[in-house]
């Protein structure tokens with residue numbers, strides 16, 4: 001599954017030209033921007049179905065651009081950057097990106113990443129939207145009937161989403177539910193890794209779209225009805 005429209009924001013003209021050409025051959029209408037401010041000034045800035053974002057950009061930084069986009073759109077966002085390190089990964093995921101690819105990366109891998117994220121962010125139809133959390137068995141039941149065994153941390157996170165009724169759940173609320181505290185002077189609370197493992201556990205078990213998304217400066221949201229049974 002590929003988006004119909006995509007904004008590619010990267011100041012490496014040669015790289016973005018060849019990547020755009022490759023994606024267009026996959027049937028995606030690509031608009032290129034070499035400056036984050038140029039994207040934000042465009043009338044269609046928040047109407048694309050997907051965004052590929054570099055981190056080292058003229059104008060607004062890549063991380064700040066992700067935060068702006070996430071406040072205005074639920075579209076898929078994939079970061080492609082040469083910056084490395086766990087702090088960079090945590091920073092972009094917390095800002096609202098769905099995936100982080102490290103340059104150099106093959107164009108085929110970029111296309112696969114886009115398809116994987118697009119399957120997750122496309123809103124499911126009402127008939128496919130019902131999920132159930134069985135607290136007795138510790139299982140999540142997908143709309144297609146698949147039973148997914150959860151860890152204790154997974155179950156606690158899903159209980160927060162069920163109680164929120166489709167509204168975002170703050171990082172603080174999730175950490176409190178998990179009984180975690182971040183020592184003074186430290187920033188890594190492990191929540192991003194917990195959410196990532198939960199999402200991957202569900203994706204490995206069922207082809208059903210996983211409506212679990214990050215919300216910049218807030219936390220996370222489960223964008224589908226979730227019933228406690």
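Quick note: the coordinates plus some simple rules give every number you see, no bench work behind them. Note that the structure is predicted; figures quoted are calculated from it, not measured. A quick note on method: Cβ atoms are made from the backbone with ideal geometry, for glycine too, and the neighbour counts reach across all protein chains shown.
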Extension gain residue 172-residue 31, at 0.36 nm per residue separation less the Cα-Cα distance, in nm?
-> 47.0 nm
By average C-beta atoms within 10 angstrom, highest first, the peptides 40-48, 190-198, 62-70 | 62-70, 190-198, 40-48
Could you tell me which of rounded, prolate or oblate describes the stretch 5-121, using a ≥ b ≥ c as the square roots of the eigenvalues of the alpha-carbon gyration tensor, with rounded for a/c under 1.5 and, failing that, prolate when a/b is larger than b/c and oblate otherwise?
-> rounded
Angle, helix 13-25 long axis vs. longest principal axis of the chain, Cα atoms, 0 to 90°, nearest 10?
-> 60
How high is the relative contact order of the chain, given as a whole-number percent (alpha carbon pairs under 8 Å, six or more residues apart)?
-> 18
